[in-house]
Amino acid sequence: GAGQPPISPAPRYIAVHRDADGNPDGYASYSIGEGSTLTVDETIATDDAVLTALARFLLGHDLVTQVVFKHFPPQHPLRWQLADFRAGEVSGDTDWLWVRLLDIPAALTARGWFTDGELVLDVDDPFLGEHGRYLLTVRDGKADCAPADQEPDLSLDISDLGSIYLGGTTPSTLVRAGHIRAHRPDAATLADTLFRAERTPHCLHWF
């Protein structure tokens, strides 16, 4: 069945949302523990409207004083949907999703892109003892990435490239943190635009 395996003998419940034709398009797995706390450990939905409907059902549960959404997608607008914004608190932020790029040109050309542009990336991989410079060119949503000898726009470690690859961390954040070096004033802004994602990546389960 749906949801994570039970970790206690306490009853667990599944709330299923169905579309207008009666087909399941989302569910939430939850339990009710001591202290009238309802804990939601898994929420799956095809879109934000379904997720909002499930959240509304869970928040309206009888005889419950606190609802805890575990492993909820980051930056989801649920807190802004509450009648009292301060009634919601964010805690337990974890990093369950990692990317380690081995073939940089293959990885960058396989990724989806939303904006055209060019960047020269100087990438250091101390673990493999490799250092390369690549020209990333994006046109009409498709990327070309090849070795380059031009002056770099950004210098970064392979771990930093992994951090920005899925769009969950902006290059400018890592520039400010001292991880990425920008060699021209607009390089970080262009990199932010190029590497943005439709939504923040989210991993529901640790692995």
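Would a scan of the stretch 110-129 turn up a residue that is hydroxyl-bearing (Ser, Thr, Tyr) and modelled with pLDDT under 95? Yes: one or more hits. Is the stretch 84-98 home to any residue that is at negative phi, polar (S, T, N, Q), within 25 Å of the chain's Cα centre (by Cα) and open to solvent by 70 Å² or more (accessible area, probe 1.4 Å)? The answer is yes; a qualifying residue exists. In summary, residue 185 fulfils each of the numbered conditions (1) within 24 Å of the chain's Cα centre (by Cα); (2) surrounded by fewer than 16 Cβ atoms within 10 Å (Cβ to Cβ) with the single exception of condition (1).
Each residue in the stretch 110-133 was checked for being more than 18 Å from residue 193 (Cβ to Cβ) and either surrounded by 15 or more Cβ atoms within 10 Å (Cβ to Cβ) or touching a Ser or Thr at 6+ places or on another chain (Cβ under 8 Å) (or both), and 5 pass. Picking from residues in the stretch 145-175 that are among the hydrophobic types (A, V, I, L, M, F, W, C) and outside any helix (DSSP H, G or I), the one that is surrounded by the most Cβ atoms within 10 Å (Cβ to Cβ) is 154. Answer with yes or no whether residue 197 is modelled with pLDDT of 95 or more, under 21 Å from residue 101 (Cα atoms) and surrounded by fewer than 20 Cβ atoms within 10 Å (Cβ to Cβ). No.
Within the stretch 41-55, can you find the residues that are of a type outside the set (Gly, Ala, Ser), out of contact with any Lys or Arg (no Cβ under 6 Å at 6 or more places or on another chain) and open to solvent by less than 60 Å² (accessible area, probe 1.4 Å)?
42, 43, 50, 51, 52, 54, listed by residue number.
Pairs meeting the criteria (first residue in the stretch 99-114 and farther than 12 Å from residue 162 by Cβ, second residue surrounded by 13 or more Cβ atoms within 10 Å (Cβ to Cβ) and among the acidic types (Asp, Glu), beta carbons under 8 Å, at least 6 apart or on different chains) are 109/144. All of 38, 63, 58 fail the test of being modelled with pLDDT under 90 and either loosely packed, with under 12 Cβ neighbours inside 10 Å or not charged (D, E, K, R) (or both), apart from 63.
Taking first residues from the stretch 9-33 that are farther than 15 Å from residue 61 by Cα and open to solvent by 60 Å² or more (accessible area, probe 1.4 Å) and partners that are among the polar types (S, T, N, Q) and assigned to a strand (DSSP E or B), the Cβ contacts under 9 Å between residues at least 6 apart in sequence or on separate chains come to 11/31.
Being among the basic types (Lys, Arg) and touching a Gly at 6+ places or on another chain (Cβ under 6 Å) narrows it down to one of 176, 196, 133, so name that one. Of the residues listed, the single one that is among the basic types (Lys, Arg) and touching a Gly at 6+ places or on another chain (Cβ under 6 Å) is 196.
The values are calculated or read from the model by the stated rules, or taken from the named source; none is laboratory data. A quick note: this is a predicted structure, and the numbers were derived from the prediction, not measured. Note that we place each Cβ from the backbone using ideal geometry, even for glycine, and neighbour counts take in every protein chain shown. Side chains are part of the model used for accessible areas, which takes the heavy atoms of the whole protein and leaves out ligands, DNA and RNA. Shrake-Rupley method; radii C 1.70, N 1.55, O 1.52, S 1.80 Å.
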